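The values are calculated or read from the model by the stated rules, or taken from the named source; none is laboratory data. Bear in mind the structure is a predicted one, so any value in this text is a computation, not a measurement. Don't worry about glycine lacking a Cβ; one is built from the backbone with ideal geometry, like all the others, and counts go over all protein chains shown.
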């Protein structure tokens with residue numbers, strides 16, 4: 001794993017032109033602003049600056065991979081950059097394909113929390129974000145891997161993926177907002193949940209723990225906001241894991257409140273640690289071959305065991321100067 005200084009130095013030698021064309025994959029299903037308004041805003045900003053661009057708008061999530069592949073193909077042909085417009089889940093989908101190519105990636109964050117964009121100084125206002133791309137500079141940033149699938153903010157198993165699924169149901173009924181997300185979380189915490197017995201192979205040591213959920217973070221802003229002391233390790237080529245000890249429903253609500261107040265790391269029912277390699281293997285009585293996991297807000301199924309590590313290749317992100 002290259003050091004943060006070595007990665008930063010490598011960025012000085014990456015070619016990037018402020019006239020390079022931008023190929024935008026826009027998820028019209030993400031964000032608060034109407035899709036057409038977002039499309040019009042991006043076009044207006046780039047046209048006013050005389051910046052060559054092309055928008056690939058996607059309304060059907062099943063067609064997102066195809067649009068991303070097309071944007072990558074165009075960026076390679078014309079020495080340009082791929083731009084992801086949407087929430088962290090959309091950005092994650094673009095990162096999956098862009099990361100191996102080494103192409104520059106720009107973002108227009110349009111989700112509920114936008115941890116990735118906020119950490120790197122990219123505005124959630126689409127006009128400001130589009131304007132910042134006109135003078136952006138390249139910055140190598142760390143990406144996490146779970147079974148070789150990339151994640152930019154977090155990945156998890158256990159209770160947290162269930163929480164995300166419940167939150168999506170609430171958002172479809174009541175709209176996308178942080179208040180709706182909070183009430184969805186409260187509803188999930190008050191339900192019965194399973195405690196998992198898992199074996200953790202952490203670098204060169206092995207531990208067995210019991211936990212309702214295991215959460216792995218790759219975003220210093222999110223980790224710092226909930227009060228995890230290992231947050232600075234994310235700037236040093238590591239990931240950070242959080243495990244909750246088995247607790248009752250009221251205690252779980254208390255932990256949720258502590259996280260909202262930025263005090264989760266002080267709770268005696270929570271353990272956290274930084275690592276460069278972590279393998280998670282479910283033990284009896286629950287020992288499924290596939291596990292429900294969440295990556296950047298999207299719930300998927302993966303084969304066990306789960307292996308977490310930082311990607312050896314950084315993402316070349318376009319950030320505001």
Requested in this report: Could you tell me which of the residues 306, 250, 261 is in contact with a strand residue (DSSP E or B) (Cβ under 6 Å, 6 or more places away or on another chain) and either closer than 20 Å to residue 219 by Cβ or in the same structural domain as residue 209 (by TED's automatic domain parsing) (or both)?
Outcome: 306
Query raised in the report: If you scan the stretch 283-304, which residues turn out to be surrounded by 15 or more Cβ atoms within 10 Å (Cβ to Cβ), touching a residue at least 60 places away in the same chain (Cβ under 8 Å) and over 22 Å from residue 115 (Cα atoms)?
Result: 291, 292, 302
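Do we have residue 54 as touching a helix residue (DSSP H, G or I) at 6+ places or on another chain (Cβ under 9 Å), at negative phi and without any contact (Cβ under 8 Å) to a residue 12 or more places away in the chain here? Spell out the reasoning first.
Details: touching a helix residue (DSSP H, G or I) at 6+ places or on another chain (Cβ under 9 Å): yes; at negative phi: yes; without any contact (Cβ under 8 Å) to a residue 12 or more places away in the chain: no.
No: the conditions fail for residue 54.
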Report task. May I ask you to list pairs of residues, at least six apart or on different chains, whose Cβ atoms are under 7 Å apart, with the first in the stretch 87-102 being at positive phi and the second being outside any helix (DSSP H, G or I) and at pLDDT 95 or above? Result -> 102/316
Query raised in the report: Only one of (1) at pLDDT below 95; (2) part of a strand (DSSP E or B) is not met by residue 241, so which one is it?
Result: (1)
Requested in this report: Would you be able to say whether some residue in the stretch 65-86 is modelled with pLDDT under 95, surrounded by 20 or more Cβ atoms within 10 Å (Cβ to Cβ), touching a helix residue (DSSP H, G or I) at 6+ places or on another chain (Cβ under 9 Å) and in a helix (DSSP H, G or I)?
Outcome: no
Query - Selection status of residue 103, at pLDDT 95 or above, over 20 Å from residue 39 (Cβ atoms), in the same structural domain as residue 26 (by TED's automatic domain parsing) and assigned to a loop (DSSP other than H, G, I, E, B) - result: yes
Requested in this report: Among the candidates 244, 280, single out the residue that is surrounded by 17 or more Cβ atoms within 10 Å (Cβ to Cβ) and within 28 Å of residue 111 (Cα to Cα).
Outcome: 244
**Report entry** Single unsatisfied condition, residue 166 versus (1) within 30 Å of residue 37 (Cα to Cα); (2) at pLDDT 90 or above; (3) in the same structural domain as residue 287 (by TED's automatic domain parsing)
**Finding:** (2)
